[in-house]
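Student: Just passing along the structure, written as structure tokens.
Each reported figure results from applying straightforward, stated rules to the coordinates on display, with no laboratory input. In this text, all values refer to a predicted model and were calculated from it rather than measured experimentally. In this analysis, Cβ positions are derived from the backbone assuming ideal geometry, glycine residues included, and neighbour counts consider all displayed protein chains.
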């Protein structure tokens with residue numbers, strides 16, 4: 001007897017519990033991967049740039065602020081970090097369409113801001129835009145080093 005059960009019964013119960021926990025973890029991992037794939041592959045409907053550097057993008061009323069580029073451009077143009085905090089508070093985790101985002105960014109960057117609204121099959125994915133923004137940041141960082 002082991003914990004009031006036969007040893008074989010106890011082992012079978014433990015193996016069953018372990019297999020069940022592993023299956024649940026695998027299912028949760030797959031759901032996270034599916035969500036990430038859906039996020040990455042969503043087409044972007046707006047890309048915002050300052051001096052040809054991507055600072056933000058929008059897809060399906062969600063905002064992706066490309067923080068490294070955004071803060072670099074703010075610093076280069078003398079925009080205060082407090083204004084960045086306001087931008088984050090007004091956009092992150094909230095449904096914001098591309099036009100509203102453009103208005104908020106224009107209030108920070110004025111005429112330095114340019115917006116691109118790709119249409120149809122030419123719309124890049126969130127992942128592609130993020131990769132381009134990251135490459136731009138790395139290039140500018142390497143130039144400073």
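Student: Failed condition for residue 51, given (1) in contact (Cβ under 8 Å) with a residue 40 or more places away in the chain; (2) within 15 Å of the chain's Cα centre (by Cα), with all others met?
Tutor: Going through (1) in contact (Cβ under 8 Å) with a residue 40 or more places away in the chain; (2) within 15 Å of the chain's Cα centre (by Cα) one by one, residue 51 breaks only (2).
Student: Does residue 130 satisfy the criteria of being assigned to a helix (DSSP H, G or I) and farther than 17 Å from residue 53 by Cβ?
Tutor: Details: assigned to a helix (DSSP H, G or I): yes; farther than 17 Å from residue 53 by Cβ: no.
Answer is no for this residue.
Student: Tally up the residues in the range 99-113 that are buried (at least 16 other Cβ atoms within 10 Å of the Cβ) and either closer than 14 Å to residue 58 by Cα or under 16 Å from the mean Cα position of the chain (by Cα) (or both), please.
Tutor: Final tally of qualifying residues: 5.
Student: Can you tell me which residue in the range 65-98 is surrounded by the fewest Cβ atoms within 10 Å (Cβ to Cβ), limited to those that are touching a residue at least 24 places away in the same chain (Cβ under 8 Å), outside any loop (DSSP other than H, G, I, E, B) and touching a strand residue (DSSP E or B) at 6+ places or on another chain (Cβ under 8 Å)?
Tutor: This residue is 77.
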